[in-house]
Amino acid sequence: MLHCTIKDSIYREEIIALCEYPDEYLPTLDQRTVGELVMAVGSIAGTTFTGNGDDTEGIDNAVEAYCSMHVDETSVDIPIHVDGASGGFILPFTNRRAEDQGHNAVRFDFKHTKRVRSINISNHKFGMVYPGMGSVLFRNKDVVDPDLIYNITYLGGSFVDYTVNFSRGSGVIISQYYNFLSWGRSGYQAVLDNCMDNTDHLINSIMDNPTLGNVFTPISDNIYYPIVVFKFKEGKKGIFKMPDFADEMREYGWIIASYQLPTTDPEKADGPYVFRIVVRQVITAEQIDSMVKHMATVVEELVVRDSTSTQPLRIHKRKPYNASRI
């Protein structure tokens with residue numbers, strides 16, 4: 001892809017529109033390769049939409065191969081940033097579990113790549129801290145622009161600081177350090193192992209259920225990510241609406257995310273409807289069993305409702321005292 005000339009690229013029109021070059025520049029632009037216009041490449045380690053991730057190692061190899069071919073010509077240095085908001089805190093622990101089961105680890109970190117320069121993670125998702133805590137990891141100090149580094153003198157000493165702003169409290173950062181020291185790698189490994197065991201239990205419970213297994217199919221990669229995403233099976237689309245399923249599950253106290261996926265344009269949701277469940281450390285196997293039971297009840301009621309009436313009918317149930325967000 002990076003070696004392809006602009007004129008031969010299937011994304012030619014999008015590239016031209018993005019660059020906003022005048023028409024008189026188009027002949028010259030058409031002869032350039034896609035790689036010549038690339039400032040950086042992004043890779044996703046675990047997307048919350050589908051519970052999958054990019055092949056960061058493959059992307060790294062492709063970018064490295066392209067840059068290596070231009071060492072003797074015009075120097076080309078294309079960095080890679082990994083968006084690990086959903087998977088960056090998970091993969092270091094689930095990789096070990098996956099390897100124990102005979103799978104390859106997902107290589108996305110500095111140790112196993114050449115071109116990855118930075119990785120962002122959301123600590124609050126599985127670091128067991130309050131929302132709002134996030135981190136950016138850099139391969140080395142040379143990656144960071146010196147203009148973003150502040151040398152701060154405080155109480156007779158000095159230290160180097162890099163941050164987006166100075167207005168946010170440090171409580172979540174301190175709590176994250178405390179958790180790191182308290183839990184250690186083995187503690188977080190145990191937490192993520194339990195999450196993945198419950199993820200397997202959830203998927204198997206849905207697929208083995210005669211009602212749910214006949215309607216839904218998983219699309220998520222649950223070897224590495226505790227993010228479970230299901231869509232309608234082929235031929236089952238239209239027996240009821242996925243948002244109705246989520247609404248009725250709320251009546252039982254389960255708040256399940258449901259949305260429509262994009263297919264080609266990230267700003268245009270024109271793909272299949274799905275529902276998503278993130279298996280956090282607070283979810284138990286007993287809760288999963290209860291939820292699956294309610295899911296089967298809701299599906300059975302929705303199928304009957306939509307097959308016997310052309311008018312939407314509400315399914316009235318006793319609301320629980322507290323709703324559980326999944």
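Determine which member of the set Ser175, Ser220, Ser186 is closer than 17 Å to Phe126 by Cα and either open to solvent by 50 Å² or more (accessible area, probe 1.4 Å) or not in a helix (DSSP H, G or I) (or both).
Exactly one residue qualifies, and that residue is Ser186.
Provide a single number: the residues in the stretch 253-274 that are assigned to a strand (DSSP E or B) and either in contact with a helix residue (DSSP H, G or I) (Cβ under 6 Å, 6 or more places away or on another chain) or not aromatic (Phe, Trp, Tyr) (or both). Quick ask: steps written out before the conclusion?
Residues of the stretch 253-274 assigned to a strand (DSSP E or B): 254-255, 257-260, 273-274.
Filter once more, keeping what is either in contact with a helix residue (DSSP H, G or I) (Cβ under 6 Å, 6 or more places away or on another chain) or not aromatic (Phe, Trp, Tyr) (or both): 254-255, 257-258, 260, 273-274.
Residues in the stretch 253-274 being assigned to a strand (DSSP E or B) and either in contact with a helix residue (DSSP H, G or I) (Cβ under 6 Å, 6 or more places away or on another chain) or not aromatic (Phe, Trp, Tyr) (or both): 7 in total.
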Conditions first: (1) in contact with a helix residue (DSSP H, G or I) (Cβ under 8 Å, 6 or more places away or on another chain); (2) under 30 Å from Lys231 (Cβ atoms). Val116 passes all but one, so which condition is the exception? (2)
If I filter the stretch 185-193 for residues that are at pLDDT 95 or above and closer than 21 Å to Ala257 by Cα, do I get at least one hit? no
Within the stretch 230-252, count every residue that is part of a loop (DSSP other than H, G, I, E, B), touching a strand residue (DSSP E or B) at 6+ places or on another chain (Cβ under 6 Å) and hydrophobic (A, V, I, L, M, F, W, C). 0
How many residues does the stretch 47-102 contain that are more than 19 Å from Thr113 (Cβ to Cβ), open to solvent by 60 Å² or more (accessible area, probe 1.4 Å) and not β-branched (Val, Ile, Thr)? 7
Could you please find all residues in the stretch 142-156 being of a type outside the set (A, V, I, L, M) and either at pLDDT 80 or above or open to solvent by 100 Å² or more (accessible area, probe 1.4 Å) (or both)? Asp142, Asp145, Pro146, Asp147, Tyr150, Asn151, Thr153, Tyr154
Among the candidates Ile223, Ile283, Ile255, which residue alone is in contact (Cβ under 8 Å) with a residue 40 or more places away in the chain and in contact with a strand residue (DSSP E or B) (Cβ under 7 Å, 6 or more places away or on another chain)? Ile255
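The values are calculated or read from the model by the stated rules, or taken from the named source; none is laboratory data. Predicted model, so just to flag it, every value in this text is computed and none were measured. Cβ atoms come from the backbone with ideal geometry, glycine included; neighbour counts cover every protein chain shown. Heavy atoms of the whole protein, side chains included, go into the accessibility calculation; ligands, DNA and RNA do not. Shrake-Rupley method; radii C 1.70, N 1.55, O 1.52, S 1.80 Å.
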